[in-house]
1. In terms of the ratio Rg/(2.2 N^0.38 Å) built on C-alpha atoms, what value belongs to segment A:59-116?
2. In segment A:31-125, what GluC sites (Glu not before Pro) fall in a loop by DSSP, with at most 15 other Cβ atoms inside 10 Å?
3. Considering the rotation that carries chain A onto chain B, locate the chain A residue whose Cβ comes closest to its axis and report the distance in whole Å.
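Coordinate-derived values only; no laboratory data. Note that the structure is predicted; figures quoted are calculated from it, not measured. Don't worry about glycine lacking a Cβ; one is built from the backbone with ideal geometry, like all the others, and counts go over all protein chains shown.
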Protein chains: 2
Amino acid sequence: MGITERREREREALRQRIVEAARDLLSEQGLGALSMRSIAERIEYSPATIYLYFRDKDELVGQVVRAGFERLRDYTTEELSRLPETADAADQYAATGRAYARFALDNCGYFRVMFELPGSARIDCPAVTDGAADPDAFERVVARLEEARRAGLLTVPDVRRAAVIGWGLVHGLTSLYLSGHLHEEMESNEEFMALIEEAMHSMYLGWGVGQEAAVRPAGRRSAVHRTGSVRAETGRK
Amino acid sequence: MGITERREREREALRQRIVEAARDLLSEQGLGALSMRSIAERIEYSPATIYLYFRDKDELVGQVVRAGFERLRDYTTEELSRLPETADAADQYAATGRAYARFALDNCGYFRVMFELPGSARIDCPAVTDGAADPDAFERVVARLEEARRAGLLTVPDVRRAAVIGWGLVHGLTSLYLSGHLHEEMESNEEFMALIEEAMHSMYLGWGVGQEAAVRPAGRRSAVHRTGSVRAETGRK
DNA sequence: AAGTTTGCCTGAACGGCGTTAAGTTCGTGG
DNA sequence: CCACGAACTTAACGCCGTTCAGGCAAACTT
């Protein structure tokens, strides 16, 4: 009998509808308007119904976050597709950063949900992202960098760490810009995008793009290399 | 008569007590526990009383943010004081970044309030920080960089932009680490601090620290330099 | 066909939130 | 002594996330 299968399908469909309602609400009205009641009203169900499909708000928002990462991936592939044939791995990496910043500007609601502490009201500080933080996308960036390294385009000791650093660079500038802390320095989105471009360019130079063989003074910067020691402990709960 | 003056003093004292209660509550219990009611309970007043001293929660939190920036400044000066006499401007800049990261690890509650959208429930995306975003500290960093540039330690076109980029770099890594997105890559605070160190070092290389005269291939990276054009518009409300 | 079970859904409530209007207390100035 | 005004509280409003007893129709059983 296909009845239980139909039910299962309908159940999944409604579950999907809920996520979509939350996603749209977030895009259209911002994070502040994302309440269980408003979501319920949008899908024309009672608020209590949502709890038959999601354990709590966090789980629902988690699904929205997942959708956000997929959207980010779309931005990335689209930005990459704009590149000319001659683009090298470095150009591809720059395009990825550009896509990241553009995504954030277009979907700041998503951006907040994805990167401010997920639980929103979570107490312990370093929040756990239930492991779904787009492993694919990051891995692809790492692979791109590894490719560049092999091609002699950059001389960096650990591509993985380099990728993290690049992520931090773009993410930090974006986050600061969106939260208004760069308001005095940056006045328009175009100006901001130019900043991103310049920042990534600087980073490239640091990684040895275009240089023969980097100096890499590893042991230098002798003094004060133990980092904070005691106090650094307390940060983690 | 000194009566009105005494009253004014008392008024200011209570106002200060409220801010301190909020600050402590934030440090001890996290952002989620920072409610008007809990603050009121801590100072043993009715919640309504707070509204005689602050227009709304945002204004109160704004004061806490101000306190947070002062604390950040303390971290910075303390970190700078650890440097040996021989430290150059580059070392000082690195110390500033280190202080920033250490501050965030020790006071993640502060960090959230300071850099996630201040209003917390604000609708329009790029929040305005009422202009109180520690102008001093940032200016001092800029001055430090300018000094380094004059000493020939780095060859960067615009120190101000360089400072912003450096800020973004450290802020982004910190933000990602605190929100758990670097959980798979970084496992301890020490590891994270080392990452910060490495990141700043890479950035230095990019800025030409220790190089004679940087190449600065300004016009290069020919293709796709108009940044996002159309879509970038919509991000701002 | 009738009765029973099952699964989906809701109304109403709980406690907590930010915020406000009305009311109380009380030291002060006329 | 009285009236004013400042300081403070009580009680409520309308949000929020969440839970639970109940209703109701579709599906199964006999």
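1. Working: Rg = 12.9 Å, N = 58, 2.2 N^0.38 = 10.3 Å.
For segment A:59-116, the normalised Cα radius of gyration comes out at 1.25.
2. Passing sites in segment A:31-125 are A:44, A:85.
3. Reported as residue, whole Å: A:172, 1.
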